[in-house]
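Only one structure is covered here, and it is reproduced in the block below.
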Amino acid sequence: LVLLRHGQSLFNQEGRFTGWMDIDLSQKGRAEAAQAGRLMKNCRLDFDIAFTSVLKRAIRTAWIVLEEMDRMWIPLLPRWRLNERSYGALEGEKKSDMDRRYGASQVHLWRRGFSERPPALSKDDWRYPGWDRRYREIEEKDLPRTESLHDVMRRAMPFWQEQILPQLEKGKNILVV
C-alpha cells in the first residue's frame, strides 16, 4: 500500500484553502507527480489497482504517476470518500486573509485540531457539493458543508474497510492518491 498526496495545486501555490473545490495541479505539482512516479518505478514498486478522490488534482497526479511507471493500464478508481477535507466557508479563501479575519490561532485550530470545524457553507452557496454533478448519487446527509479531521476519518473508514482492506487481504498492491 502506497499513500501519495497529490502534487501542488494552483490553490496550494496561491496559499488558498482548497478542500472539495476541484482545482488542478500547478506546473510544480505536475513535476512533483512525475518525480514520484519515477521514484516508485526506480524502487520497483508495482500496483494492481489505484484509488483517487474524485478531484482532478488527485486524478491527474495518478495519471502522471502511472504514466511514468508505464502502468496506465491498471484500474484507476476515483471515489468521493477519498476527497480532501471540506474547509466549508474557507474554501477558495486566502489563508493569510482568514488568519487576519479569525485570528491565526483559530485558523490553526481548524486546520490541525481533531474535532474543530471551520465555518460551514450554506446549502445555497455555489461551493456546496450538492450543486456538483459528480455528487448527485450521494445522499445529502453525507455531503459535507464543513468537516473536522474526525469527520474525515468517519467518512473514509467505510471505504478503507469495504474497498482497500479486502484488496490488501487478497495480496493486491494498491496506490491511493
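Numerical summary
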| quantity | calculated |
| --- | --- |
| Flag if I64 is within 27 Å of E137 (Cα to Cα), at pLDDT 95 or above and under 20 Å from the mean Cα position of the chain (by Cα) | no |
| Filter result for the condition that a residue is touching a His at 6+ places or on another chain (Cβ under 7 Å) and among the β-branched types (V, I, T), over T52, T18, T61 | T61 |
| Boolean, R38 is farther than 23 Å from I164 by Cβ and of a type in the set (D, E, K, R) | yes |
| Subset of segment 80-94 [within 18 Å of the chain's Cα centre (by Cα) and outside any helix (DSSP H, G or I)] | N83, E84, R85, S86, Y87, E91, G92, E93 |
| Scan of segment 4-30 for residues that are among the aliphatic types (A, V, I, L, M), touching a strand residue (DSSP E or B) at 6+ places or on another chain (Cβ under 8 Å) and within 23 Å of P129 (Cβ to Cβ), ordered by number | L10, I23, L25 |
| Residue in segment 140-152 that is polar (S, T, N, Q) and over 30 Å from L76 (Cα atoms) present | no |
| Segment 98-114 - residue that is assigned to a loop (DSSP other than H, G, I, E, B) and open to solvent by less than 50 Å² (accessible area, probe 1.4 Å) and, of those, nearest to R154 (Cα to Cα) | G113 |
| Contacts under 6 angstrom Cβ, first residue in segment 40-55 being at positive phi, partner part of a loop (DSSP other than H, G, I, E, B), 6 or more apart | none |
| Positions within segment 139-156 being open to solvent by 70 Å² or more (accessible area, probe 1.4 Å) and closer than 21 Å to H6 by Cβ, in sequence order | M153 |
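Listed here are the residues, each with its yes/no results for (1) surrounded by fewer than 13 Cβ atoms within 10 Å (Cβ to Cβ); (2) in contact (Cβ under 8 Å) with a residue 40 or more places away in the chain; (3) outside any helix (DSSP H, G or I).
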site	(1), (2), (3)
S96	yes, yes, no
E116	no, no, yes
E137	yes, no, yes
P158	yes, yes, no
Q167	no, yes, no
G171	yes, no, yes
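The values are calculated or read from the model by the stated rules, or taken from the named source; none is laboratory data. Note that the structure is a prediction, hence the values are computed from the model and not measured. Positions of Cβ are backbone-derived with ideal geometry, glycine not excepted, and every protein chain shown enters the neighbour counts. These area figures cover heavy atoms from the full protein model, side chains too; ligands, DNA and RNA do not enter into them. Shrake-Rupley method; radii C 1.70, N 1.55, O 1.52, S 1.80 Å.
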